[in-house]
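Q: Here it is, the structure, as structure tokens.
The values are calculated or read from the model by the stated rules, or taken from the named source; none is laboratory data. Note that the coordinates shown come from a computational prediction; the quantities given were computed from them, not determined experimentally. As a convention, Cβ positions derive from the backbone with ideal geometry for all residues, glycine included, and neighbour counts pool all protein chains shown. Ligands, DNA and RNA are stripped out before the accessible areas are found, and what is left, the full protein with its side chains, is counted by its heavy atoms. Shrake-Rupley method; radii C 1.70, N 1.55, O 1.52, S 1.80 Å.
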Amino acid sequence: MTTDQAGTTTDQAGKSRTWKDRLTRRRTGKDEAGKGRGDEPAGGEAEQQDPAAESDPWTSFAPAPEPVPGRPGRAARATGRFLVHEWTLAVLASLALAVGMTWPTLRYPLYTLPQDYWDPSLQAWQMAWSGHALRTNPGQLFQSNTFFPEPWSFAFSDMLLGYAPAGLLGTGPDAAVLRYNIMFVLAHAMATFGAYVLARQLGAGRIGSAVAGVGYTYAPWLLAQAGHLHIVSNGGIPLALAMLARGHGWSLRHGYRPERRRVGWAYAGWAVAAWQLSLGFGIGLVFAYVLAVTVLVSATVWFWRRRRHGRRPFGRRLFVADLVGGLLFAAVGALLAVPYFKVAELHPNAERTIGDIGVYSPPASGFFTAPAQSWIWGGLHEGAREALSWSPEMTLLPGFVLYALAAGGLFFSVWRLRHRLFMLAGVLVTMVLAMGTRFFDGTFTYTPLFEYLPGFNGLRTPGRMMLWTTLLLCLLAAGAVSAFAQRVRELSTERVPARPSPWLRAATLLPLLLLVVEGLNTTPHPVVPEQPAAMRTVDGPLLVLPSSQNQDQPVMLWSTSRFPQVVNGGSGFTPKQLDDVRRVTAAFPDQTSVDYLRTLGVRNVVVLRDQIVGTPWEVTVDAPVDQLGITRQQVGNAVVFRL
């Protein structure tokens, strides 16, 4: 073995080694001959070697080995990575923004409801009833305790069945109101997160995706829908689309990338889509048709490419996932449709007509008119709202900031030109459909859908198609803001030092801040009427007077203490029998009304004294009843008649 001037050692086999090679071999327990130190016999030649030869001066310059973390250290690192992950931060930001933008929903969550206490009371009862039915008798889910003795009464309106697990927690009106308020806030957070994730999956940047999330959730027109939880709960739509796109390895910016396919995400996307459909057909029906068209186009491409190129563009496992997921989605839709078909068969008056659609069809001016709940535009657009025949469903402004950003996205964007044109076409088509019969009487637009597509004749308000217009506008805006943020990064690399100036940082956040400001609201939060003591003690079947569409919805909420059978009920339509009950009992208590209620099986009638001022019951509630064969009892602020 010899050593040259460069410090290179040549062994007997003719192999040259540097001092670094020798150092490495010594650290791994090998001597220069390639033998392990442990291979030498004890007391042999190793003990007779020169001690100076055993010590290597270069070991003092070697880096210290990294310590191997224990289980607590590894857990702490994993937790830290999770907390700073983009999706974790997006969830937390969505929740914080939802609490702030819906405030004061969570200020008094046991006593107030957003917008009004009519439809929210109905929907709070729906979640409570679905949880009660799952806990006690799932087979009677659709035979609810309201609208007695009507069957299938739970399907008289959208059921919010996807929130049934929340209904398993707590009992009574207070728990129902608290549950509603929590789900109301969470629905906004999920919509923001879903739109953010969709934009990110399609290829937008973080700021651009945040613009999409905020613009989609807090568009001014949605403020008029604050009393409709089944419309506000739309976050499953963009989230399911994002999961399906991720599962198929597809993005709008980069196209199809087979190496990025994830079968698990495809299954998750179909599951989320089925859950979204279970919240109601009000917006779920259009979502189902959008998915059906997407699947049809994808299947056509799949078979065409297989036939032309002899190979499948999607793998077999992904094809099976789509088949299984699509069947799951279709099965959920079919099972949920059964009770609605039963209701349509039993109640022909529940079916909409094209004339009904015309009543709720907005004019073109509705796309530039904000609802009264808008903090910025509510007062300024008061005159424009007065020109609308039904302003709650005709004020469809998605936001002037969103319009401007989307318009800019047509010319300056990270999306390709053809994709921008497709989005623009989608915006125009959905706007035309949202106008219902106002666009050339809907002859070639909404009317064919109403007449030939199953389920469309059950939709009351075409203006809710604006949800899809808003989503497409948000994607156009996300492309523009992402391109702007990308340009800012390019400019920053030319600076010394290479970082963006504070003004450039603020400029990238300005569109997001403007969308937040335009989404601020003045939504009222009225106090829910207190539950009468009689509703906690009187058995059913019972009737609560006075009865009307709005007055019966709080009655449904009050019934959540014990869920007695009640004749009262409020929904998207009024059954003929309930109309008859209200007409006959206008003179209660008299012999005709008592005999009629006995025929229906009603055992008790509760008359609320604080609500009968100025009505005939103000006089008749204290009239003699001995000759009618009934008894009367004062329970709190109510009079209970036992039939």
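Q: Looking only at the range 119-156, which residues are part of a helix (DSSP H, G or I), of a type outside the set (Ser, Thr, Tyr) and either more than 28 Å from ALA226 (Cα to Cα) or more than 23 Å from the chain's Cα centre (by Cα) (or both)?
A: HIS132, ALA133, ARG135, PRO138, GLY139, GLN140
Q: Follow-up question, since we're still on this one. Looking at (1) farther than 29 Å from VAL343 by Cα; (2) of a type in the set (A, V, I, L, M, F, W, C); (3) at pLDDT 90 or above, which one does ALA623 not meet, given that it meets all the others?
A: In the conditions (1) farther than 29 Å from VAL343 by Cα; (2) of a type in the set (A, V, I, L, M, F, W, C); (3) at pLDDT 90 or above, ALA623 misses (3) alone.
Q: Is it the case, given these coordinates, that PHE484 is of a type in the set (Phe, Trp, Tyr) and either closer than 27 Å to ALA191 by Cα or at pLDDT 95 or above (or both)?
A: Working: of a type in the set (Phe, Trp, Tyr): yes; either closer than 27 Å to ALA191 by Cα or at pLDDT 95 or above (or both): yes.
In short, yes.
Q: Filter the range 525-539 for residues that are open to solvent by 20 Å² or more (accessible area, probe 1.4 Å) and in contact with a Pro (Cβ under 8 Å, 6 or more places away or on another chain); which is nearest to SER121 (Cα to Cα)?
A: Within the range 525-539, the subset open to solvent by 20 Å² or more (accessible area, probe 1.4 Å) is 525-531, 533, 536-537, 539.
Adding the requirement that they be in contact with a Pro (Cβ under 8 Å, 6 or more places away or on another chain) leaves 525, 528-529, 531, 539.
Numbers: HIS525: 13, VAL528: 8, PRO529: 10, GLN531: 12, ASP539: 21 Å.
Here the residue is VAL528.
Q: Between residues in the range 305-330 that are over 29 Å from LEU285 (Cα atoms) and residues that are assigned to a helix (DSSP H, G or I) and modelled with pLDDT of 90 or more, which pairs lie under 9 Å by C-beta distance while being six or more apart or on different chains?
A: From the range 305-330, the pairs are GLY315/VAL263.
Q: Find the residue count for the range 250-262, including only residues that are over 23 Å from LEU421 (Cα atoms) and crowded, with 19+ Cβ neighbours inside 10 Å.
A: 1
Q: Assuming VAL427 fulfils every condition listed in (1) assigned to a loop (DSSP other than H, G, I, E, B); (2) within 26 Å of the chain's Cα centre (by Cα) apart from one, which condition is it?
A: Of (1) assigned to a loop (DSSP other than H, G, I, E, B); (2) within 26 Å of the chain's Cα centre (by Cα), only one is false for VAL427: (1).
Q: Then there is this: Give the residue, chosen from LEU509, LEU543, LEU515, that is within 26 Å of the chain's Cα centre (by Cα) and buried (at least 22 other Cβ atoms within 10 Å of the Cβ).
A: Numbers: LEU509 fails: buried (at least 22 other Cβ atoms within 10 Å of the Cβ); LEU543 fails: within 26 Å of the chain's Cα centre (by Cα).
Among LEU509, LEU543, LEU515, only LEU515 is within 26 Å of the chain's Cα centre (by Cα) and buried (at least 22 other Cβ atoms within 10 Å of the Cβ).
Q: Also: Scan the range 483-494 and give yes if some residue there is more than 25 Å from ILE612 (Cα to Cα), over 24 Å from the mean Cα position of the chain (by Cα) and in a loop (DSSP other than H, G, I, E, B), otherwise no.
A: Yes, the range 483-494 has at least one match.
Q: Can you find even one residue in the range 461-472 that is more than 19 Å from GLY205 (Cβ to Cβ), modelled with pLDDT of 80 or more and part of a loop (DSSP other than H, G, I, E, B)?
A: First, pick out the residues of the range 461-472 that are more than 19 Å from GLY205 (Cβ to Cβ): 461-470.
From the residues that got through so far, the ones that are modelled with pLDDT of 80 or more too are 461-470.
Next cut, part of a loop (DSSP other than H, G, I, E, B) only: 461.
Yes.
Q: For the range 259-268, indicate whether the set of residues that are closer than 19 Å to PHE319 by Cβ, over 17 Å from the mean Cα position of the chain (by Cα) and not in a helix (DSSP H, G or I) is non-empty.
A: Let us first name the residues in the range 259-268 that are closer than 19 Å to PHE319 by Cβ, namely 259-268.
Okay, now just the ones that are also over 17 Å from the mean Cα position of the chain (by Cα), so 259-267.
Pick out the ones that are also not in a helix (DSSP H, G or I) and you get 261-262.
Yes, that holds for at least one residue.
Q: Under the condition of being free of Cβ contacts under 8 Å to residues at least 24 places away in the same chain and among the acidic types (Asp, Glu), which residue from the range 350-398 is least open to solvent (accessible area, probe 1.4 Å)?
A: GLU382
Q: Taking only the range 560-583 into account, find how many residues are assigned to a helix (DSSP H, G or I) and under 16 Å from SER157 (Cβ atoms).
A: The total comes to 1.
Q: Based on what the data block shows, is VAL606 crowded, with 18+ Cβ neighbours inside 10 Å, touching a residue at least 12 places away in the same chain (Cβ under 8 Å) and aliphatic (A, V, I, L, M)?
A: In short, yes.
Q: Among the residues of the range 221-249, how many are touching a strand residue (DSSP E or B) at 6+ places or on another chain (Cβ under 9 Å), within 22 Å of GLY205 (Cβ to Cβ) and crowded, with 24+ Cβ neighbours inside 10 Å?
A: Of the residues in that region, 2 qualify.
Q: Return the only residue of TYR452, TYR446 being more than 22 Å from TYR403 (Cβ to Cβ), buried (at least 17 other Cβ atoms within 10 Å of the Cβ) and under 29 Å from the mean Cα position of the chain (by Cα).
A: Numbers: TYR452 fails: buried (at least 17 other Cβ atoms within 10 Å of the Cβ).
So the residue among TYR452, TYR446 that is more than 22 Å from TYR403 (Cβ to Cβ), buried (at least 17 other Cβ atoms within 10 Å of the Cβ) and under 29 Å from the mean Cα position of the chain (by Cα) is TYR446.
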